[in-house]
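The values are calculated or read from the model by the stated rules, or taken from the named source; none is laboratory data. Fair warning: this is a prediction, and the values are worked out from it, not measured in the lab. When we count neighbours, we look across all protein chains shown, and the Cβ atoms used for this are built from the backbone with ideal geometry, even at glycine.
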Amino acid sequence: MLATTTGLAACLITRTEEVRVLPLLTPPRIQDVQGLTSPRIGALLEVPETDNTTYAFRVPVDDDGVTDLLQWRFFVNDDRDCVPQDGGLNCEPVNQPTPHELPSNGMVRREIRETVQLPRLGCNKIELYVSSRLRLSGNYRTPDREGDLDFRTWWIFVRPRSDTPPVGDGGVVDQIEACPFALQP
C-alpha cells in the first residue's frame, strides 16, 4: 500500500502552454565601402544645377536574415515631424514615398540603387531608411518591429548655374558652409 501511495505522490500533471519565441532581431546595416558606396557616408557633396538635378545612389546593406525581404525609402528635404492639426496630430510626411523592396538573394550583402531628385538650390538633405518592414502609415520612418532599422543621412549642395539670378545678398540661396553634415554612427 505504501508503494502505491508513493508512486501516486510522484506523479504531477502539468498543463503545457505553447510559448511563442520571436526570432532574434538582426537589423539591416547600411555599409560605407570605398569603391562601392556612392556617395560616401559623411561626405558633403556639391553638384551643379541642371534642368533635372539628380544624384545616383549606390548603397550596400548587410543583413544576417538572408531570406528576409528588406524595405527601404529615401526622404528628400523632409524634416516634418508630427504637427498639430484639427482633431489631433498629423505625422504623415509631405510626400509619402512608396517603400521599395529589396528581395532576398541568399547573401548577407545586398545593394540599393536609386536616382534621387534634388529639388532645390543649396543644401538638400537625403535620408535612407532600411528595415525588414517599414510602417505604411503614421511616421513612415518607423519599423514594424522596434530596433529593426538602420538609416543614414547625406547632404548634397546644388550649386546654381551661372545664368541663375542671384538671391538676397547676391550669393547662393544656401551657402555651402552652412550646409550641416556629419558622420553618423
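General remarks:
- Leu89 meets all of the listed conditions (1) more than 21 Å from Gly147 (Cα to Cα); (2) in a strand (DSSP E or B); (3) modelled with pLDDT of 75 or more but one, namely (3).
- Note on segment 21-72: residues that are out of contact with any helix residue (DSSP H, G or I) (no Cβ under 7 Å at 6 or more places or on another chain) and not in a loop (DSSP other than H, G, I, E, B) amount to 19.
- Options Arg80, Arg73, Arg110; residue that is at pLDDT 90 or above, more than 14 Å from the chain's Cα centre (by Cα) and among the basic types (Lys, Arg): Arg110
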